[in-house]
Amino acid sequence: MAAPTPIHKSEEEWRAILSPEQFTILRQKGTEMKGTGEYNKFYEEGIYNCAGCGTPLYKSDTKFDSGCGWPAFFEGLPGAINCSPDPDGRRTEITCAACGGHLGHVFKGEGFKTPTDARHCVNSVSVKFIPANSPASL
């Protein structure tokens with residue numbers, strides 16, 4: 001899959017299309033409270049798109065129950081997610097490759113029995129689920 005086309009908007013344009021909580025998390029690198037996210041314990045078949053720009057990010061078959069309190073995925077769609085060290089160097093931030101929206105953080109080597117031994121810890125507010133049988137997912 002090719003890298004998504006970059007999406008650039010002003011802060012005012014983002015504020016106009018995102019809820020206040022989405023803006024705080026996607027644009028200001030906030031975090032939703034543990035265990036409160038809509039998709040934390042959600043396991044239907046489909047695709048998780050960026051809530052900011054609609055770019056497909058994760059397939060539902062890469063989601064797993066990590067017990068961390070946020071949705072966990074073991075990998076994103078090729079080219080859809082960028083990884084970069086947090087300023088303190090302790091964690092690795094994950095962002096939408098198209099719009100730069102903050103998704104959460106990725107952790108490796110935790111011993112989960114997944115194909116990548118990685119956990120993308122994602123804020124539910126940062127993604128929008130599209131069911132597999134929805135015209136939007138076809």
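Between segment 105-138 and segment 86-104, how many Å separate their Cα centres? After rounding, the separation between the Cα centres reads 14 Å. Among all stretches of the chain without exposed chymotrypsin sites (Phe, Trp or Tyr not before Pro) (DSSP loop, at most 15 other Cβ atoms within 10 Å), which one is longest? It runs 44-138.
Of the GluC sites (Glu not before Pro) in segment 1-49, which ones lie in a loop per DSSP and count no more than 15 other C-beta atoms within 10 Å? Each step should come with its number before you reach the end.
Working: sites: 11, 12, 13, 21, 32, 38, 44, 45; in loops: 32, 38, 44, 45.
Filter output for segment 1-49: 38, 44, 45.
Here's the picture: charge each Lys and Arg Cβ at +1 and each Asp and Glu Cβ at -1 in the chain, and of 37, 74, 89 the one pushed furthest to the positive end of that dipole is 89.
By the Cβ-Cβ criterion of under 4.7 Å, the unpaired cysteines of the chain are 68, 83, 121.
Could the peptides 50-56, 66-72 be put in order, highest first, of the mean number of other beta-carbon atoms found within 10 Å of their residues? Could you put the intermediate results ahead of the total?
Details: 50-56: 21.9, 66-72: 18.7.
Per-residue mean Cβ counts within 10 Å order the peptides as 50-56, 66-72.
Of the trypsin sites (Lys or Arg not before Pro) in segment 102-138, the ones in a loop by DSSP (not H, G, I, E or B) with at most 13 other beta carbons within 10 Å are 113.
Each reported figure results from applying straightforward, stated rules to the coordinates on display, with no laboratory input. In this text the structure is predicted, and so the values were computed from the model without any measurement. Here the Cβ is made from the backbone with ideal geometry for all residues, glycine too, and neighbour counts use every protein chain on show.
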